[in-house]
Amino acid sequence: MQDQRNLLLAIVLSVAILFGFQMLFVPPPPPPAPAQTEQADVGDVDVPVAPGAPAGSPGLEITDGDQTADEGAVATPRVPIETGLGGRLIGSIALVGARLDDLVLTDYRESVAPDSPQITLLSPPGSAHPYFVDFGWAANDRARSDLMPTPKTLWQTTDSALSPENPVTLTWDNGAGLIFTRTISVDRNYMFTITQEVRNTTGGDIVIRPYGLISRTDEPDTLGFYILHEGPIGTFNGELSEVDYEDVREVGTISNSSTGGWIGITDKYWLAALIPDQMMAIDARFVYSKPRNRDKFQADYLGAPVVVPASGQTEVTSRLFAGAKEVTLIDGYRDEYQIALFDRAVDFGIFYYLTKPLFYVLHEIALFFGGFGFVGNFGLAILVLTVGIKLIFFPLANKSYIAMSKLKKLQPEMMRLREAYGDDRQKLNTEVMALYKREKANPLAGCLPILIQIPVFFALYKVLFVSIEMRHAPFYGWIKDLSEKDPTTIFNLFGLIPYTPPDFLTIGVWPLLMGLTMFLQQKLNPAPPDPIQARVLMALPIIFVFLFATFPAGLVIYWTWNNVLSIAQQWVIMRRMGVPA
């Protein structure tokens, strides 16, 4: 019958959407990390390259050379970074080159184990995977490039440590009439402010250009699917630019010009971003090179020329964000410093206008109720959010469940028609459609509750996947990380048997509960008269159990709890209509 085919088509379409979601959105297991020695061969790591002029403009001095052991992580004199009580960073600044190249995020660890290593964001030349930040000046006249500080310049300071209360001031006198001063300050989170001053004691003007760069040696392990961007990123003239590592590798250099904006390199949860003066014209680049057979990626900007008058001075202020992509913190920096689209560093994707509000609802629920001791984690906030979503869609779902109850009430009449006209398909179709029209029943109404959940399902998946607030966020019992799948499996009796099944057989408690609630919900719906449809429906809970076993636990909890609420709502409606539940 036509309506049966439509129902079957809707079911198959829903499964196809979810399987497609699984194939495209769920990341493959990461490849095993290659074995590494404690110290990389420092001879393989080159010093950063100062940003050069765009094609066709006057050339700027570009320095290059080998990183020597004396300039590596051990021998370089350093100024400690000690953010103290309430601070979230530890590390150090290298006085050679005045680099920010040693930074650890004290609030985050590599795994849920309390003794696992803290997250290391920046690493110096000479480490296994150098990743560092440099600021400086480039001469606008190639002949004067030797007057500028280089990555090998040794800066001086009388400050003992950098803290939120105590900025660090670095100085270098080039011995030819230019004195460079760099003042670095940091707040209690992840924002550094760098003020660079140049005093000109010579008898003539000098034209220089400020620059900032982020250098990363070796491409990090990435998840490698398109709903999450990892790699070079920036905003230029109010437009977001997301560039894959592979794109930079193929092209070599990707250039942009802008007034203000920002540029950097992002991981799933971490970001290093250069933020120039938002009124300054800049030339920005993403650059790839392969010195000594190692991939090197650089994000940099070169500011507009600045004239330092004879017997005068000039200064520029820029910023560096180096830390965790916490949504509320990123939004706060965007508003405080008027950084265009800085919040897009958190990849909420094409569903931004649904996904980000959904995050804030979850965040505020957890924050508000957590303060009163009712909702202590994001897992409970998901349960509260689900109730809210059910209330929003209550009128629509109510009509759907009423229609489904009508269909179930019509089951005896449907069976009678099937027995009477089983051999005449056309007559049976006509009589069934007449019955539907007479009783005002809609055979496709049962698909509506699933279909209206799909956008919320996708948005919640994105929130769980990209928000660092969900990373290592625990629920009760064995769920230690809502952003990861349920770690238990029925195939070793949930840990009672000392056996580790293959990954595809990791079918945890929550996916099983989801399948059970789906099965119970089916039993409340009218059974399809066609045996093939009935068998397809019976198989769906099993298919969904295996499918959802790979999804974040928070998403499975949402879907399971939503099923429970739907079952309760449908059961009440059926009782009111006198339909056996």
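The values are calculated or read from the model by the stated rules, or taken from the named source; none is laboratory data. Computed from a predicted model, the values in this text were never measured in an experiment. Here the Cβ is made from the backbone with ideal geometry for all residues, glycine too, and neighbour counts use every protein chain on show. For the accessible areas, the whole protein counts, side chains as well, though only heavy atoms, and no ligand, DNA or RNA atoms are used. Shrake-Rupley method; radii C 1.70, N 1.55, O 1.52, S 1.80 Å.
Observations
- The gain in end-to-end length when the residue 368 to residue 392 segment is fully stretched comes to 6.6 nm, 0.36 nm per residue minus the alpha carbon separation.
- The slack in the chain from residue 171 to residue 205, taken as 0.36 nm per residue of separation less the alpha-carbon distance, amounts to 10.2 nm.
- The separation of segment 166-230 from segment 243-280, counted between C-alpha centres, amounts to 15 Å.
- Karplus-derived HN-Hα couplings along segment 190-200 (A = 6.51, B = -1.76, C = 1.60, θ = phi - 60°), whole Hz, x at Gly and Pro: 10, 10, 9, 10, 10, 10, 10, 10, 10, 9, 10
- Its Cα centre serving as origin, segment 377-436 has a Cβ charge dipole (Lys and Arg +1, Asp and Glu -1) of approximately 200 debye.
- Contour minus Cα-Cα distance for residue 293 and residue 307 (0.36 nm per residue): 1.1 nm
- Each peptide in 463-474, 341-352, 389-400 was scored by the mean count of other Cβ atoms within 10 Å over its residues; highest first, the order is 463-474, 341-352, 389-400.
- Residue-normalised accessible area of segment 159-299, given per residue in Å² at a 1.4 Å probe: 37 Å²
- Pairs beyond 23 Å (Cα-Cα), from 480/523; 296/462; 406/437; 390/480: 480/523; 296/462; 390/480
- Estimated FRET transfer efficiency (residue 158, residue 109; beta-carbon r; R0 35 Å; 0.05): 0.50
- For segment 470-482, 3J(HN,Hα) computed residue by residue from phi via the Karplus equation (6.51, -1.76, 1.60; θ = phi - 60°) reads 8, 5, 6, 7, x, 10, 6, x, 8, 7, 9, 8, 5 Hz, glycine and proline entered as x.
- The alpha-carbon of residue 290 sits under 28 angstrom from the alpha-carbons of these lysines, leaving out residues fewer than 8 places away in its chain: 152, 268.
- Ranked by the mean number of other Cβ atoms within 10 Å of their residues, highest first, the peptides 210-219, 101-110 fall in the order 210-219, 101-110.
- For the peptides 255-261, 487-493, the ranking by packing is 255-261, 487-493, with the highest mean count of neighbouring Cβ atoms within 10 Å listed first.
- A cut-off of 5 Å between modelled amide H atoms, ignoring neighbours fewer than 5 places along the same chain, links residue 488 with 509.
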